[in-house]
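Structure first, then comments.
The values are calculated or read from the model by the stated rules, or taken from the named source; none is laboratory data. Everything quoted here is computed from the prediction, not taken from an experiment. Counting neighbours? That spans all protein chains shown, and the Cβs are built from the backbone with ideal geometry, glycine included. Quick note on the areas: whole protein, heavy atoms, side chains included, nothing else; ligands and nucleic acids left out. Shrake-Rupley method; radii C 1.70, N 1.55, O 1.52, S 1.80 Å.
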Amino acid sequence: MSEPRWQKSTFSGPSGNNGECIELAAGDDTTTVHLRESDTPTVTLSLSPHTLRALIRYSRATA
């Protein structure tokens, strides 16, 4: 398994909101997406794209 290439959310801004931002990385296959908070990079969630979409929709609906 190769090291994921993490991408920071564009909402984080140039300073990264003091290091608190969401980062995503594609998995080794097309069925996995990794999600983490930059302030705790050792803790990651591995989700299917479908589950990630559901999580984002739920987060937006409850914000």
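Whenever a residue of the stretch 21-35 is touching a residue at least 12 places away in the same chain (Cβ under 8 Å) and more than 13 Å from residue 56 (Cα to Cα), its partners that are among the charged types (D, E, K, R) and surrounded by 17 or more Cβ atoms within 10 Å (Cβ to Cβ), lying with C-beta atoms within less than 6 angstrom and at least six residues away or across chains, give the pairs 23/36.
Each row is one residue, and each column tells you yes or no for (1) in contact with a strand residue (DSSP E or B) (Cβ under 9 Å, 6 or more places away or on another chain); (2) among the aromatic types (Phe, Trp, Tyr); (3) open to solvent by less than 90 Å² (accessible area, probe 1.4 Å); (4) modelled with pLDDT of 90 or more.
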| site | (1), (2), (3), (4) |
| --- | --- |
| 6 | yes, yes, yes, yes |
| 12 | yes, no, yes, no |
| 21 | yes, no, yes, no |
| 24 | yes, no, yes, yes |
| 47 | yes, no, yes, yes |
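Which one of the conditions (1) open to solvent by less than 90 Å² (accessible area, probe 1.4 Å); (2) modelled with pLDDT of 90 or more does residue 43 fail to meet, given that it meets all the rest? The failed condition is (1).
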